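Working notes, beginning with the structure itself.
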Amino acid sequence: MLKTDPTILFIESNYLKMRPYVKIDANIAVFSILDGTTLISDDQHYKKHMEFTSKLMARMAEIGGPRCCKRNAFLAIIMGAEYIKERYGIPMPLGDIKCEFSSWNKQCIGSRCPFHQ
């Protein structure tokens with residue numbers, strides 16, 4: 001049973017807290033709230049949420065660096081929406097996400113970034 005709106009929880013946990021180690025804890029916390037579980041619950045929820053977080057981190061690593069908070073947030077939002085739809089059956093429509101910040105980031109990776117325009 002969902003305790004609150006997953007859209008708000010997911011966006012808050014990933015867009016506002018962009019460091020990778022925070023992202024892992026935030027993802028687990030959000031999904032624990034959605035499932036009504038804790039970090040010491042003995043069930044498949046913890047496993048599934050860690051698998052999701054691992055896939056998210058792997059995708060970030062696949063794109064490579066240098067770091068970009070916006071790119072990682074966009075990836076987290078997109079992959080999180082897909083996960084929530086798959087796991088909970090809740091569609092979270094997303095528009096076409098394109099980065100409008102590349103001119104502000106001297107380390108922008110340009111065409112290597114899936115959100116670069």
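The helices (runs of 4 or more DSSP H) located wholly in the stretch 8-88 that include 1 or more residues which are modelled with pLDDT under 80, over 21 Å from S102 (Cα atoms) and of a type in the set (V, I, T) occupy 20-35.
Just to be sure, is I90 buried (at least 16 other Cβ atoms within 10 Å of the Cβ), of a type in the set (A, V, I, L, M) and either touching a helix residue (DSSP H, G or I) at 6+ places or on another chain (Cβ under 8 Å) or more than 25 Å from V30 (Cα to Cα) (or both)? Spelling it out, it is not the case that I90 is buried (at least 16 other Cβ atoms within 10 Å of the Cβ), of a type in the set (A, V, I, L, M) and either touching a helix residue (DSSP H, G or I) at 6+ places or on another chain (Cβ under 8 Å) or more than 25 Å from V30 (Cα to Cα) (or both). Among the residues of the stretch 89-103, at least one is without any contact (Cβ under 8 Å) to a residue 24 or more places away in the chain, in a helix (DSSP H, G or I) and polar (S, T, N, Q).
The values are calculated or read from the model by the stated rules, or taken from the named source; none is laboratory data. Just so we're clear, the structure is a prediction, and the values are computed from it rather than from any experiment. Positions of Cβ are backbone-derived with ideal geometry, glycine not excepted, and every protein chain shown enters the neighbour counts.
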